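Here is the structure we will look at.
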Amino acid sequence: MEIIFTKPCIHCGDTGMLAVPREQVIKYIYGAHAQEAFPDMSIELREQIISGTHPKCWDEMFPNLDCDHVYESHCPKCGIEQDEKLQQVGGNDE
């Protein structure tokens, strides 16, 4: 295993460390995309290697990213109200 030190997180400013198999690190260093070099790693940890953004920080910056907000007024999945959704995307259609 190799220890990868990640870039500073754009949200909190801290760096991170991940233990990764040596052969995967070599693939990444020589140009493989993260999803190819680290096929068994979670998407969140691959993002940390790419951008330095910690999984917890990503969730804080984009709390409703996994929700599609297809409901007319209140989304039961994330609890967001229609008015909040419109503000998040930059306004409303009125």
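The values are calculated or read from the model by the stated rules, or taken from the named source; none is laboratory data. Just so it is clear, the structure is predicted and the values come from calculations on it, not from any experiment. Cβ: placed from backbone, ideal geometry, glycine included. Neighbour counts: every protein chain shown.
Quick one: how many residues across the range 1-42 are among the β-branched types (Val, Ile, Thr) and closer than 18 Å to Glu60 by Cβ? So the answer is 3.
Residue pairs whose Cβ atoms lie under 6 Å apart, separated by 6 or more positions or on different chains, with the first residue in the range 9-27 and without any contact (Cβ under 8 Å) to a residue 60 or more places away in the chain and the second of a type in the set (S, T, N, Q), are Cys9/Thr53; Ile10/Thr53; Thr15/Thr6; Gly16/Thr6; Gly16/Gln48. The set of residues in the range 13-29 that are in contact with a Lys or Arg (Cβ under 9 Å, 6 or more places away or on another chain) and under 11 Å from Ile3 (Cβ atoms) contains only Gly16.
Flag: Glu84 matches the condition of being assigned to a helix (DSSP H, G or I) and modelled with pLDDT under 90.
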